[in-house]
Amino acid sequence: MGIIIRTETSKDIEQVFDVNRAAFGNRDDEAQLVERIRRSEQFVAQLSIVAERDGDIIGHLLLSKAEVVDDESRHEVIVLAPIAVLPNVQKLGVGTRLIEEGLKRCKELGYGLVLLIGHPDYYPRFGFRPARSFGLELRQFEVPDDVFMVCELQENALRQIKGELRYPVSFFDNSGSAR
Ligand SMILES: CC(C)(COP(=O)(O)OP(=O)(O)OC[C@H]1O[C@@H](n2cnc3c(N)ncnc32)[C@H](O)[C@@H]1OP(=O)(O)O)[C@@H](O)C(=O)NCCC(=O)NCCS
């Protein structure tokens, strides 16, 4: 398949919504999460990345800013969420290409860590490891240790950045429930 991986443009926004909706079983939650993040201060335009085939969007990855805080300091980090590939083209490597491009861009932009909540069978191949074993904490969501993961992009970032990951307000819908 001739697939182009590129930055999202304003013309893609409707199709990006539809791809997220379709990938997540026709529910809108993740598609709306994308819209909230896009409107927020944590949005980084180069980190909303699409996969295009024959002029159609078939996949989308969003990485955005969050903070790791401890008693003394706040560190800017990146969180990965969501990632979506249309059901009929899953398992063909599209997700892999989106994540590899996303991590490369984050590294070039100088970010030290990317964190996520995700499937422990999928993300380790990209360099993600259980975050709590590196002194990172997550309190906003109750999740098992192996699904809260971190990828180190700059040398020593894991040694320098410790504390609690705080997802920004855009990750929580109006009812206050977590996504
Ligand atoms: C997760 C997702 C983005 C992966 O994209 P993809 O293009 O299908 O992935 P790739 O082709 O690059 O990789 C395929 C591998 O991922 C695995 N995989 C795909 N979806 C997975 C999932 N939900 N959980 C665990 N592993 C998964 C496949 O089993 C395959 O593993 P293998 O290489 O060991 O056989 C895609 O399946 C998707 O959109 N799923 C629905 C939405 C979702 O769950 N998003 C993640 C949560 S934010």
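The values are calculated or read from the model by the stated rules, or taken from the named source; none is laboratory data. Values in this document were obtained by computation on a predicted structure and should not be read as measured data. Reconstructed Cβ throughout: ideal geometry from the backbone, glycine too, with neighbour counts over all protein chains shown.
A quick yes/no check of all residues on (1) surrounded by fewer than 21 Cβ atoms within 10 Å (Cβ to Cβ); (2) within 11 Å of the ligand (Cβ to nearest atom); (3) of a type in the set (A, V, I, L, M); (4) closer than 22 Å to ASP29 by Cα:
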position	(1), (2), (3), (4)
LEU63	no, no, yes, yes
GLY118	yes, yes, no, yes
TYR122	yes, yes, no, yes
GLY127	yes, no, no, no
GLN140	yes, no, no, yes
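Looking at the stretch 75-99, which of the residues that are more than 10 Å from the ligand (Cβ to nearest atom) and touching a residue at least 40 places away in the same chain (Cβ under 8 Å) is farthest from PHE148 (Cα to Cα)? Within the stretch 75-99, the match that is farthest from PHE148 (Cα to Cα) is HIS75.
Please find, within the stretch 65-109, the residue that is surrounded by the fewest Cβ atoms within 10 Å (Cβ to Cβ) out of those that are β-branched (Val, Ile, Thr) and farther than 24 Å from LEU158 by Cβ. I'd like the intermediate steps shown before the answer.
Start the filter on the stretch 65-109 by keeping residues that are β-branched (Val, Ile, Thr), which leaves 68-69, 77-79, 83, 85, 89, 94, 96, 99.
Subsequent filtering for residues that are farther than 24 Å from LEU158 by Cβ retains 85, 89, 94.
Details: VAL85: 23, VAL89: 16, VAL94: 23.
Here the residue is VAL89.
Considering the conditions (1) within 13 Å of the ligand (Cβ to nearest atom); (2) basic (Lys, Arg); (3) within 13 Å of the chain's Cα centre (by Cα), ARG53 is excluded by exactly one of them, (3). Scan the stretch 17-48 residue by residue and report those that are crowded, with 16+ Cβ neighbours inside 10 Å, touching a Leu at 6+ places or on another chain (Cβ under 9 Å) and under 21 Å from TYR167 (Cβ atoms). Listed by number, the residues that qualify are ASN20, ALA23, LEU33, VAL34, ILE37, ARG38, PHE43, VAL44, LEU47, SER48.
Can you pull out the residues in the stretch 14-27 that are touching a residue at least 12 places away in the same chain (Cβ under 8 Å) and either over 18 Å from VAL94 (Cβ atoms) or under 17 Å from the mean Cα position of the chain (by Cα) (or both)? Correct list: VAL16, PHE17, VAL19, ASN20, ALA23, PHE24.
Please pick out the residue among ILE57, ILE5, ILE37 that is in contact with a Ser or Thr (Cβ under 6 Å, 6 or more places away or on another chain) and either at pLDDT 95 or above or assigned to a loop (DSSP other than H, G, I, E, B) (or both).
Values: ILE57 fails: in contact with a Ser or Thr (Cβ under 6 Å, 6 or more places away or on another chain); ILE5 fails: in contact with a Ser or Thr (Cβ under 6 Å, 6 or more places away or on another chain).
Being in contact with a Ser or Thr (Cβ under 6 Å, 6 or more places away or on another chain) and either at pLDDT 95 or above or assigned to a loop (DSSP other than H, G, I, E, B) (or both) holds for just one of ILE57, ILE5, ILE37, which is ILE37.
Among the residues of the stretch 15-34, which ones are assigned to a helix (DSSP H, G or I) and of a type in the set (Lys, Arg)? Within the stretch 15-34, ARG21 is the sole residue that qualifies.
Just for strands (runs of 3 or more DSSP E) wholly inside the stretch 67-179: which have at least 1 residues that are of a type in the set (Phe, Trp, Tyr)?
Details: elements: 74-85, 113-117, 136-138, 148-152, 163-166.
Fully inside the stretch 67-179 and qualifying: 148-152.
Checked against the criterion of being touching a residue at least 60 places away in the same chain (Cβ under 8 Å) and within 22 Å of ARG139 (Cβ to Cβ), the stretch 42-60 has at least one qualifying residue.
Just one of (1) in contact (Cβ under 8 Å) with a residue 24 or more places away in the chain; (2) more than 15 Å from the chain's Cα centre (by Cα); (3) crowded, with 16+ Cβ neighbours inside 10 Å fails for GLU8. It is (2). Filtered by the rule that a residue be touching a Lys or Arg at 6+ places or on another chain (Cβ under 9 Å) and within 15 Å of ALA23 (Cβ to Cβ), the stretch 49-64 gives ILE49, VAL50, ALA51, GLY59, LEU62.
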